[in-house]
1. log₁₀ I(q)/I(0) of chain B at q = 0.11, 0.12, 0.13, 0.14 Å⁻¹, via Debye over equal Cα point scatterers, no solvent, to two decimals?
2. Quick check on chain A: helices-only [θ] at 222 nm, where DSSP H runs of length 4 and up contribute -39,500 (n - 2.57) each and the sum goes over total residues. Nearest 500, please.
3. Can you give the local net charge around B:H41? Use residues other than it whose beta-carbon is closer than 12 angstrom to its beta-carbon, Lys and Arg +1, Asp and Glu -1.
4. Starting from 0 in steps of 10 Å, tell me what percent of the Cα-Cα pairs of segment A:91-164 lands in each bin.
5. For segment B:23-181, state what percent of all Cα-Cα pairs lands in each successive 5 Å bin, counting from 0 Å until the bin that includes the largest distance.
6. So how far, in whole Å, is the C-alpha centre of segment B:171-234 from the one of segment B:33-51?
7. Before anything else, pin down the relative contact order of segment A:102-186: Cα pairs under 8 Å, at least 6 apart, normalised by residue count, whole percent.
8. Could you give the Stokes-Einstein D for segment A:184-242 in µm² per second, using the C-alpha Kirkwood radius, 25 °C, 0.890 mPa s?
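Just so it is clear, none of the values below were taken in a lab; they were calculated from the coordinates. All of these numbers come straight from a predicted model, not from anything done at the bench. FYI the Cβ positions are ideal-geometry reconstructions off the backbone, even for glycines, and counts take in every protein chain you see.
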Amino acid sequence: MTQYIVRRLLLLPIILLGVSVLVFMVIHLVPGNPAQVIAGPDAPPETVKAIELQLGLDDPLPVQYWRYLTRVLHGDLGRSLTSKRPVIADIMDALPKTIELTLAAAVITPIIAIPLGVAAAARRGKPSDSGLMLVSMLGITAPVFAIALGLMWVFGYKLRVFPISGYGGPLWTLSGLRSITLPALTLAIGSVAAMARLTRSAMLDVLSQDYVRTARAKGLREWRVLMGHGLKNALLPVITVLGLQVAYLLSGAVVTETVFAWPGVGRLAVYAIQARDFPLVQGTVLVIALLFVVVNLAVDLVYAVIDPRIHYG
Amino acid sequence: MDDTARQRASGSAPSALAQRRDDLSEIERAGRHRLLRRFLHNRPGVAGLAVIAILVLLAILSTRIAPYDWQAQDIAHRFASPSLSHLLGTDELGRDIFSRILYGGRYSLTIGFAAVGVSFVVGTLLGTVAGYYRRVDGVVMRLIDIMMAFPGILLAIAIVAALGPGLINVIVAIGINEIPGFTRITRSLVLSLREREFVTAATLIGGSDAYIVRRHVLVNLVSPIIVFASLRISTAVLVGATLSFLGLGIQPPVPEWGAMVSTARAYISIAPHTFLFPTLAIFVTVVAFNLLGDALRDTLDPTIRD
């Protein structure tokens, strides 16, 4: 296992270096002259030249990459072409909101999914079980933006219980809680559906074990059987998946944040692309990929430590 | 004794070989019939295939069968609810939503098939090379690790950011986004295939790498990769719609379904039907491909399960 952890940690810099190359290349994949694309088709040559100089586009590629890498390693992601502020400052403003949203979704997920999965397993084969499985199938298949707009329409426009978009403040304030509800639910629905199905199948596995039959035979109440013997043993695979889901919630945030005008890194990335603000595009993509890699690694390492049954070759 | 039997008995090599080939093709035909029967018994799969066939047909014939031109505006009847004259109602410019969805199917389905086609070809190639030649395995797999460091649709977003919007760019972006999956599954299959006796035998009788890969490896990869591809088409359709929805893919006024939903977003409070129907179109397509993929998996490769 130590070998596995060391190997994973050694691979990390290689992957991050590769990510930085890909992100660096974003601006160089632009068809034609990137400076012209940024400045717009009608921009005077002086403006184009100025942008070229500002971004250092007139140097050879390896020189440009080396400069990019050393700058990034010093925490300098360049300057946004639209806000004129350092990219890192824009990202630091947005990042806490993305983390807040992702964590809210990660907390909601098991709270909704586990009871649903247990209930479905307890009523196996009955209409409520099939109904739940069908709904969860829809939750997995439906596009995130459709879920977002659906929730917005029902709770924002029809029932008017939650604001339809924007950031209402920190989580501990009422307006903050209200504003995060719909985006967090949207983000969580896919994971809820997946986790409810997994909980159900893990429960069914456990409930077919001999010790569960023994527990029932000795007259234990069904509730105790389900909770004490069933859920307790079914929980490990479920929690494993939750760890993996956290990383994926990060990527779902791009769509969710855009629909709900949630001022996080995902929306910043989409805005940057639309504004052709390439330094900001590179910065946001780099930060999201970085977070994803680190979270994934952390989750894997934690499992390697806590679950001795996982074997790493 | 008939001719064939006599020739076989006398040990005439060429005709024995021909006979063997006949026997083999007979077995193959029987196998194909059995697979077809198994597939036809899978009702959800058949339903999925039927829906996809209908969608493809409607998209191809859209300009002939659509009741209106997809661009025709009728401001006087904007936001009309579904009725006999406009089956699915009209949008913010009075354009017929039904006609637009029919036409938009061309984009959504093309993206699905073409993007998966790109990743199928490149991913299978990379995976085969990585699995067969251990020396390049490390390099290819690190490249795949790097691509997988971009979660979900982020890589596609980054590529579209560079290339700009448009059908071809979206196909390229989603195609690249899907490469890691194809590479990984192909590599793992090749790794196990190259240890099999028939590959060792082919190596021992002096078969070249190209011959072994073509004749013994790729042939055995086809079923699982086709199953995987059919399941990924729904993802590609979904990512295509999502990119267009974000304003990064196909641009309005082209009625790609995601782009239609994106425009409808602004009118969701006054005309929810403008958002509902394109969403349903995406949903039906995705579900149909998933059902087909699941059925193909059960038919072709009962050993693979999620």
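1. At q = 0.11, 0.12, 0.13, 0.14 Å⁻¹ the computed log10 ratios are -0.79, -0.89, -0.99, -1.08.
2. Rounded to the nearest 500, the figure is -24000 deg cm²/dmol.
3. Once positives and negatives cancel, what remains is +3.
4. P(r) for segment A:91-164, in whole percents per bin: 16, 31, 38, 12, 3.
5. Histogramming segment B:23-181 at 5 Å steps yields 2, 8, 10, 11, 11, 13, 14, 12, 8, 5, 3, 2, 1, 0 percent.
6. Here the two parts' Cα centres lie 25 Å apart.
7. Working: 57 pairs, mean separation 21.3, N = 85.
Across segment A:102-186, relative contact order equals 25 percent.
8. On the way: Rh = 12.3 Å.
Answer from the Stokes-Einstein relation: 200 µm²/s.
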